[in-house]
1. Among the numbered criteria (1) more than 20 Å from residue 327 (Cβ to Cβ); (2) surrounded by 14 or more Cβ atoms within 10 Å (Cβ to Cβ); (3) under 29 Å from the mean Cα position of the chain (by Cα); (4) among the aliphatic types (A, V, I, L, M), which single criterion is violated by residue 259?
2. Would you point out the residue of region 29-45, among those that are farther than 12 Å from residue 117 by Cα and more than 22 Å from the chain's Cα centre (by Cα), that is surrounded by the most Cβ atoms within 10 Å (Cβ to Cβ)?
3. Would you confirm whether or not region 139-148 contains a residue that is within 13 Å of residue 63 (Cα to Cα), part of a loop (DSSP other than H, G, I, E, B), open to solvent by less than 10 Å² (accessible area, probe 1.4 Å) and not β-branched (Val, Ile, Thr)?
4. I need the full set of residues from region 79-94 which are open to solvent by 30 Å² or more (accessible area, probe 1.4 Å) and under 17 Å from residue 123 (Cα atoms), in order please.
5. Going through region 125-145 one residue at a time, which ones are polar (S, T, N, Q) and touching a strand residue (DSSP E or B) at 6+ places or on another chain (Cβ under 7 Å)?
6. Could you list all residues from region 341-360 that are in a loop (DSSP other than H, G, I, E, B), open to solvent by 40 Å² or more (accessible area, probe 1.4 Å) and either farther than 23 Å from residue 273 by Cβ or touching a Lys or Arg at 6+ places or on another chain (Cβ under 6 Å) (or both)?
7. Taking region 229-251 only, how many residues are free of Cβ contacts under 8 Å to residues at least 24 places away in the same chain and surrounded by 10 or more Cβ atoms within 10 Å (Cβ to Cβ)?
8. Would you pick out the residues in region 164-193 that are without any contact (Cβ under 8 Å) to a residue 60 or more places away in the chain and either among the hydrophobic types (A, V, I, L, M, F, W, C) or on the phi < 0 side of the Ramachandran plot (or both)?
Amino acid sequence: MDALQFLLHPYAVDAFLAHNWTSKAIAISAKGQHRFSHLFSWEQLNDLLNFHQFNYPDLRLALDEKVLEESENERLTQWCQQGATLILNQVHKRVPAIARFAAELRQILGFGTQVNAYSSYPNRQGFSCHYDTHEVFILQIEGSKQWCVFQDTLKYPLPEQKSAGQSAPTDPPYLTCTLQPGDVLYIPRGHWHYAVACESPSLHLTLGIHVKTGIDWLEWLVQDLRQQEEWRKSLPTKCEATSMGQHLTSLVEALTDQLREPDLDYRYRSYLDSLGQSIKKYDFPRQAGFDQFPQGIDTQFRCIQFQPIQVIALPEQEGFRILVAGKEVLLRGVTTTLVEHLFQPQPFTGRDVLDWLPGYDLPKIR
């Protein structure tokens, strides 16, 4: 079961994508199973607060529908005693289990992910009714919390089109639910919502999916066009023989040719993949050149997890082109069997590599 199936279980992924994704909120009951206890807990929250340094606004407080000033973080305990909601941003960068979960979802969905943690207290509302400009999953960790979700008033808002200053809908919520530990609530971007903790302290994770839009694609395309001379050329002056209309017509024709490129979608997807970062950059002492093969030829290796990798066979069996994180590596003189196994999630050993490369030897690790 992959991360998306686990997140939505027992709701089917296909049904969710067809009926809910970007269009309609849904609450999914875990039927009493604390499915997310391996991701986060009160103990982990306390560890983050005690042993990590957070700066505002990554650590902030909200009470009675207002976010408190940065200076109030000095009185964090007192404000929580008064019922303030405590927010920790980007816990996916500090908790390994959350990092792996968010990274796998990013690979599956193809868009950036971010996870924030919220602790709140009974019968006090931290935030006013608002909408988010990204897709949202609420993962209830401890306690219970009641949510109200309303229809959108602006379809598919862009990041700069915030709900602040706009009028909330006057119609009643189309979804009201109380999340228990292990439950999930999905809220599409643009759908207004608010929440209130019930009779016990609540702890939940908010998983944000930062989708890309047609506007994002056009902005990427503009950056691509900047590399071409004809698009950097000055537009004609009023006194030139070539009219503005003629010049723009030629640009429209050039743009049409650009849009017909067969690999345009592939190049954009490669660009999106390059935005992802490995959840692990360091592995010492191996990266310093020590203990690289502690079990000799039986040392286990594993491809970087949750990192989009594209393998392209070169013509006439000349090898393979590997694209990962915006970088390109050429592999020549290797077998198809090696490439098929090398980038799978399953671990492998030096002995396996010898099996995939008949006639080769790896004397240094024997």
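The values are calculated or read from the model by the stated rules, or taken from the named source; none is laboratory data. Note that this is a predicted model, so its numbers are computed, not measured. FYI the Cβ positions are ideal-geometry reconstructions off the backbone, even for glycines, and counts take in every protein chain you see. Protein only, heavy atoms only, side chains kept; ligands, DNA and RNA dropped before computing areas. Shrake-Rupley method; radii C 1.70, N 1.55, O 1.52, S 1.80 Å.
1. (2)
2. 30
3. No, because not a single residue in region 139-148 is within 13 Å of residue 63 (Cα to Cα), part of a loop (DSSP other than H, G, I, E, B), open to solvent by less than 10 Å² (accessible area, probe 1.4 Å) and not β-branched (Val, Ile, Thr).
4. 79, 81, 82
5. Across region 125-145, the qualifying residues are 125, 128, 140, 144.
6. Correct list: 347, 358, 359, 360.
7. The qualifying residues number 14.
8. The answer is 164, 166, 167, 168, 169, 170, 171, 172, 173, 176, 178.
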